[in-house]
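Asker: My questions will all concern the structure given below.
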2 protein chains.
Amino acid sequence: MTKATPEPASNKGAYHHGELREALVRATRQLVVERGAENFTLADACRLAGVTTAAPYRHFRDKQEILEELVARGFDDMSERSRVAVESHGEGTIEGIRAMGQAYVQFAVDETAMFRLMFGQNPALKKAADVVARGQSCFANVINQVALYCQREGIQANAPEIAVELWTFVHGAASLLIDEDYEKVAPGLDVQRLIENVTPRLLRVATTRDP
Amino acid sequence: MTKATPEPASNKGAYHHGELREALVRATRQLVVERGAENFTLADACRLAGVTTAAPYRHFRDKQEILEELVARGFDDMSERSRVAVESHGEGTIEGIRAMGQAYVQFAVDETAMFRLMFGQNPALKKAADVVARGQSCFANVINQVALYCQREGIQANAPEIAVELWTFVHGAASLLIDEDYEKVAPGLDVQRLIENVTPRLLRVATTRDP
DNA sequence: CCCCTAAGTAAGCGACGCTAACATATGTTA
DNA sequence: TAACATATGTTAGCGTCGCTTACTTAGGGG
């Protein structure tokens, strides 16, 4: 675990930092990405931002609250990725829905530490109001796309139920992938392909077997 | 976070504990179950076992190594549950395979802290040789049952591939359930029912829609 | 211009993981 | 049975962490 080296303070030499709150969130994000949320210390973020370890408490209640801020931003990122995936593959199409799932996994791969923070086991972190709201809005996108798909294809089905099934599968895939649990058992597994194969079945579409 | 109150040492008043290694593992398990692995401290385990905080280092390299021991035992428990589920529902049957999945989720519910430790993000913990071996053996059970099922039903399919799909779905369900991510979005969801509904489709069996 | 408040620092508390040095049991061997 | 070697405890202490209290400084409004 190497030490954090201070970045040049934006307000060099000044007693007041000027934008410490934002600087701390940036430092926290960087450290969480570099070393994982488990190994993140507030003290390191302070060193990186060039302030003493007492300074954050003027802007955040405690360590937890900085992480909440980070998690909320993470859901925004994920929503944006989801939106892009759907738009570029067609609203309410099976390809669009599949692309959403693949974007979910890709987010977990690209932003592993953030994903773990967002869906990890820290209960207090996830009960924050803005975190809950953003999570719900993320899932609402999935329901909407599935409902649209069912409507377009004239399929008689319960969209929220199907959305839950899709989410469950895709979340399992993302988790097992980034936690390297697949490696022990199915090394080299192509997870994007896995989702491609399973999505139709979860959408109640019969497919010919894949080679 | 309440303090741990010491259990009566097995070897009362003696300078040597007698079975400290085992006592520490027991204390660790209890504390992990009570407060979660994140909040577990070695010092608490020492108090519970009635020894000083330096004592564990005669039996374990570090805190991590006690947790490895715990994880290994967790996989044994899970294997056992899996075995029982299959035996009581029929080897190589769709019911047996479904029961395995449900047992997986039930384990996560009953032993949430253990499940999180076993599939959590601590990389060092999961690379221990005995942990890897036990995980593989657990998964091998699934493959065997799927292969047996395919053979009995005369289905031409890739058993490991199907097993991965089943594991993925069931793991996603367990994770989202215990992390209370479903609650925000689909409160009161019946996860065992969810698995019941999806298992046939993952086994490539067409089913009539569930009500 | 003065004063109030916002936002930083300094110092310190208790807890943690871990280590080094010391003490005491245990059991093997002469 | 006495002496030694080793296994297994304790005591004391280091550095770090999250967080609090009391002090200091900067900046804006009367």
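The values are calculated or read from the model by the stated rules, or taken from the named source; none is laboratory data. Quick caveat, the model's predicted, so the values are computed rather than measured. Cβ placement follows ideal geometry from the backbone for every residue including glycine, while neighbour counts extend to all protein chains displayed.
Asker: How about the range A:79-121: which of its residues are more than 14 Å from chain B (Cβ to nearest Cβ), part of a helix (DSSP H, G or I) and charged (D, E, K, R)?
Answerer: Scanning the range A:79-121 gives A:Glu80, A:Arg81, A:Arg83, A:Glu87, A:Glu95, A:Arg98, A:Asp110.
Asker: Taking the range B:43-78 as the region of interest, how many residues are part of a loop (DSSP other than H, G, I, E, B) and either more than 10 Å from DNA strand D (Cβ to nearest atom) or among the basic types (Lys, Arg) (or both)?
Answerer: Residues flagged as part of a loop (DSSP other than H, G, I, E, B) and either more than 10 Å from DNA strand D (Cβ to nearest atom) or among the basic types (Lys, Arg) (or both) within the range B:43-78 amount to 3.
Asker: Looking at (1) in contact (Cβ under 8 Å) with a residue 12 or more places away in the chain; (2) crowded, with 21+ Cβ neighbours inside 10 Å, find the lone condition where B:Thr168 falls short.
Answerer: Answer for B:Thr168: the failing condition is (1).
Asker: Right, something else. Got at least one residue in the range B:126-141 being surrounded by fewer than 18 Cβ atoms within 10 Å (Cβ to Cβ), outside any helix (DSSP H, G or I), in contact (Cβ under 8 Å) with a residue 40 or more places away in the chain and of a type outside the set (Phe, Trp, Tyr)?
Answerer: yes
Asker: If you check every pair at least six apart or on different chains, which have Cβ atoms under 7 Å apart with a residue in the range A:49-63 that is not assigned by TED's automatic domain parsing to the domain that holds A:Ala23 first and a residue that is polar (S, T, N, Q) and more than 7 Å from DNA strand C (Cβ to nearest atom) second?
Answerer: none
Asker: Further question: Could you say which residue among B:Glu95, B:Glu91, B:Glu68, B:Glu80 is within 16 Å of DNA strand C (Cβ to nearest atom), out of contact with any Gly (no Cβ under 9 Å at 6 or more places or on another chain) and not assigned by TED's automatic domain parsing to the domain that holds B:Ala23? It would help to see each step written out before you state the result.
Answerer: Working: B:Glu95 fails: within 16 Å of DNA strand C (Cβ to nearest atom); B:Glu91 fails: within 16 Å of DNA strand C (Cβ to nearest atom); B:Glu80 fails: within 16 Å of DNA strand C (Cβ to nearest atom).
Result: B:Glu68 is the single residue among B:Glu95, B:Glu91, B:Glu68, B:Glu80 that is within 16 Å of DNA strand C (Cβ to nearest atom), out of contact with any Gly (no Cβ under 9 Å at 6 or more places or on another chain) and not assigned by TED's automatic domain parsing to the domain that holds B:Ala23.
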